Amino acid sequence: MRLTKVAATVGVAVAMFLGAAATGSAAQNDYSKPMGPAPAKQDSGFSAQRTNGHSFWEVNKQGQLVYWTRSGDSYSGQIRGSGWDEAHTLQITALNENVFVELKADYRLSRWTWTGSGFIEEVVGTNWTPTRLLSGIDDNRFLEIKHDGQLVQWTFHGTTLAPYHLGVGWEAARLIAGLGGPEDHIIDFIEVGTDELGSVSNWFGVAGNLQEFPFGPNANFSDVRLIVGTDSYHFLIVPDDGTLWELAVDEAQNAWVGRQVGQGWDNSRLLG
């Protein structure tokens, strides 16, 4: 892991409560062990939080778009659309609680805004065929990893997108999860590698000077299928066994520590 390798239908809102932290089958790998060190984010002047640590979006295997919000020890879901199947949607990623970006199957890029009763869609790009991974950082920025290994930050100026090339050699990134903003100079995200050890790192810093904070020998994310960041101190993962885990920065231990917050997530296709 490196930086220097030179149309949806809005459905009826239905509450889908998952329940308290599940006690079912354990994940293949143990995410409750301290993994770190974590970046000293509290010392960076960094206060922004992408979805305030309390919400994320899901597309399930039936093509439903579901908005999940924190509820007790777990999350409660609300269906907000249908028709988001693989034939229409390749990726989604949140910019904030009410706005997310969709990469369509025809390689158009859309920005969706939830108004409280429905969506406003803006097509903001076409021919995004080079894109392999997307993940939001804040209201106006998201990261892209291209098939050729380029890492790019994209910034919205209205409906226009401006790129900033951050590096090359990112072919070995299997998953990424943006954690924060909106400080224009701060970049904060999680990377999961393709290696057999399931290596994972938190990348944190400014463009041109990102630092890698590997999770260390206690971390094995080889069985992680989906990942989504919610703020600079929290992200969620779905391993192959269908459990849902939340990892948070424990400042006392200077490490990321996980806890299981659900099960039955085998039906999830995308998180964003």
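Total lysine pairs in the chain at Cα distances under 27 Å, for residues eight or more apart or on different chains: 6.
The value of relative contact order for the stretch 166-211, using C-alpha pairs under 8 Å at least six residues apart, is 32 percent.
Of the chymotrypsin sites (Phe, Trp or Tyr not before Pro) found in the stretch 97-162, none is in coil by DSSP with at most 12 other Cβ atoms within 10 Å of its Cβ. Ligands, DNA and RNA left out, the accessible area of the chain computed with a 1.4 Å probe is 50% carbon and sulfur.
Considering only Cα atoms, the convex hull volume of the chain works out to 120 Å³ per residue.
Computed with every protein chain present, the accessible area of Ser117 is close to 100 Å² [probe 1.4 Å]. On a per residue basis, the chain carries 40 Å² of accessible surface, using protein heavy atoms and a 1.4 Å probe. Prolate is the label for the stretch 29-138, because the ratio a/c of its alpha-carbon gyration tensor axes (a ≥ b ≥ c) is 1.5 or higher and a/b is greater than b/c. Look at where the Cα atoms of the stretch 206-263 and of the stretch 144-184 average out, and the two centres are 19 Å apart. With all protein chains in place and ligands, DNA and RNA left out, the 1.4 Å accessible area ranks Thr155, Thr160, Thr51 as Thr160, Thr155, Thr51, largest first. Placing +1 on the Cβ of every Lys and Arg and -1 on the Cβ of every Asp and Glu, with no other charges, gives the stretch 139-272 a dipole of roughly 240 debye about its Cα centre.
Distant-in-sequence amide contacts of Ser232, defined by a placed amide H-H separation under 5 Å and a gap of 5 or more residues or a different chain, comprise Arg50.
Computed from backbone phi with θ = phi - 60° and the Karplus coefficients 6.51, -1.76 and 1.60, the 3J(HN,Hα) list for the stretch 218-233 is 6, 9, 9, 9, 5, 9, 7, 9, 9, 8, 8, x, 10, 7, 5, 10 Hz; x is used for glycine and proline.
The values are calculated or read from the model by the stated rules, or taken from the named source; none is laboratory data. What you see is a predicted model, and the numbers here were worked out from it, not measured in a lab. FYI the Cβ positions are ideal-geometry reconstructions off the backbone, even for glycines, and counts take in every protein chain you see. Surface accessibility is based on the protein's heavy atoms, side chains included, excluding ligands, DNA and RNA. Shrake-Rupley method; radii C 1.70, N 1.55, O 1.52, S 1.80 Å.
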